[in-house]
Structures are given as C-alpha cells and as structure tokens.
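A.B. asks: Before I ask anything, let me first share the structure, which is written out below as structure tokens.
The values are calculated or read from the model by the stated rules, or taken from the named source; none is laboratory data. From a predicted model like this one, the values you see are computed outputs, not experimental measurements. All Cβ positions, even for glycine, are placed from backbone atoms using ideal geometry, and neighbour counts span all protein chains on display.
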Amino acid sequence: MSGRSVCALAVALAVLAGSAGCGGGTASVAWKGRPRSGPVEGGQMLFGTLVNHSARPLRLRAADVRVLDRHRRELSAAAAFSGGYNAGIALRGFGTEMFAAATPAVGDGAKVVMAPGATVPLSVSWKGEAAAVEVAGTQLKLH
C-alpha cells in the first residue's frame, strides 16, 4: 500500500470515528449499571443512572422521557431526574390519579443538562407492561 493510500485510509477512519459520537447510529445515553425496578401501588417504578455517551452536552426534560411497551406504544408514565422515590414527582395520587400529568418546577427534577461523560439519576413510574424507557431518542431496555 502506497503512502498516499495509507494517508487516505487514515483520513477516512478519522472521519468515521469522529462521526460515531454525533448521532451516527450511536446511542447518546445509556444505563450506567443496571437499573432497579419493582411494583408500586397500581404500577411499576424504576430507579437508574443515565450516562451521556455523546461528545456534546445534552439538555434533557423529564416530560420527554417515554415508557414504551414491546410494540413501541407509549404507556402512561411520569419521570424525574431524581435519585430516589419522590412522591411529589413520580407518583401523583392514588388509583387512576397516580400517573396523572403534572408540570414540575425547574428545581425538582424536571430538567437537567448533562456534560459529555456525566451521569444523572432517573426515576420513572408507569402503568402497564413496559419494554423500554426512551431518553433523548435512545430506547433503553429494561433489565
């Protein structure tokens, strides 16, 4: 292989490697470790930690977190960037009101900015048989 060919190959590999973290099929967020989940009155709850695998800061809103069933249909759910059970955020009442929509304030887990490589806790509650949690366009499987 000539020096010119080696140079061209090196440039091509550098371009491919550089685009891998920019959404070119690579997940921007992932679970750090294994999330914990279990039943709560009338539904399920999950506590996990997200890690930003992208090369840029991510601005996430809890209102954009979706819980999907195995057919990719959205389930009734609530989410917060919180490391544990918080009845004011994740659960809002009893029975059918438990998963009612609410508008959390900025300081209570509604929004977060994640630097590249940073982690943030996520708490999610839902009703139904879930298969994945979708964050920043990435479907994270439930373990």
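A.B. asks: If I filter segment 1-58 down to residues being aliphatic (A, V, I, L, M), at pLDDT 80 or above and within 21 Å of Ala136 (Cα to Cα), which single residue comes out as surrounded by the most Cβ atoms within 10 Å (Cβ to Cβ)? Walk me through how you get there before you give the answer.
C.D. replies: Let us first name the residues in segment 1-58 that are aliphatic (A, V, I, L, M), namely 1, 6, 8-17, 20, 27, 29-30, 40, 45-46, 50-51, 55, 58.
Going one step further and asking which of them are at pLDDT 80 or above, we end up with 29-30, 40, 45-46, 50-51, 55, 58.
Those left that are additionally within 21 Å of Ala136 (Cα to Cα): 29-30, 45-46, 50-51, 55, 58.
On the way: Val29: 22, Ala30: 14, Met45: 18, Leu46: 22, Leu50: 27, Val51: 16, Ala55: 14, Leu58: 19.
Per the stated criteria, the residue is Leu50.
A.B. asks: While we're looking at this one, here's another question. Gly83 - would you say it is modelled with pLDDT under 95, part of a loop (DSSP other than H, G, I, E, B), on the phi > 0 side of the Ramachandran plot and surrounded by 14 or more Cβ atoms within 10 Å (Cβ to Cβ)?
C.D. replies: Working: modelled with pLDDT under 95: yes; part of a loop (DSSP other than H, G, I, E, B): yes; on the phi > 0 side of the Ramachandran plot: no; surrounded by 14 or more Cβ atoms within 10 Å (Cβ to Cβ): yes.
Taking the combined requirement at face value, the residue does not satisfy it.
A.B. asks: Residues being over 13 Å from Val124 (Cβ atoms) and in a strand (DSSP E or B): count how many of those fall in segment 52-80. Walk me through it before giving the result.
C.D. replies: Narrowing segment 52-80 to residues over 13 Å from Val124 (Cβ atoms): 52-59, 61, 69-73.
Next, from what is left, pick out any that are in a strand (DSSP E or B): 52, 58-59, 61.
So the count comes out to 4.
A.B. asks: Identify, from the list Val124, Val113, the residue that is modelled with pLDDT of 90 or more, farther than 18 Å from Leu46 by Cα and not in a loop (DSSP other than H, G, I, E, B). Break it down stepwise before answering.
C.D. replies: Values: Val124 fails: farther than 18 Å from Leu46 by Cα.
Of the residues listed, the single one that is modelled with pLDDT of 90 or more, farther than 18 Å from Leu46 by Cα and not in a loop (DSSP other than H, G, I, E, B) is Val113.
A.B. asks: Which of the residues that make up segment 59-79 are within 14 Å of Thr119 (Cα to Cα) and either surrounded by fewer than 20 Cβ atoms within 10 Å (Cβ to Cβ) or free of Cβ contacts under 8 Å to residues at least 60 places away in the same chain (or both)? Break it down into steps so the answer makes sense when it comes.
C.D. replies: Residues of segment 59-79 that are within 14 Å of Thr119 (Cα to Cα), as a first pass: 59-60.
Answer for segment 59-79, where residues must be within 14 Å of Thr119 (Cα to Cα) and either surrounded by fewer than 20 Cβ atoms within 10 Å (Cβ to Cβ) or free of Cβ contacts under 8 Å to residues at least 60 places away in the same chain (or both): just Arg59.
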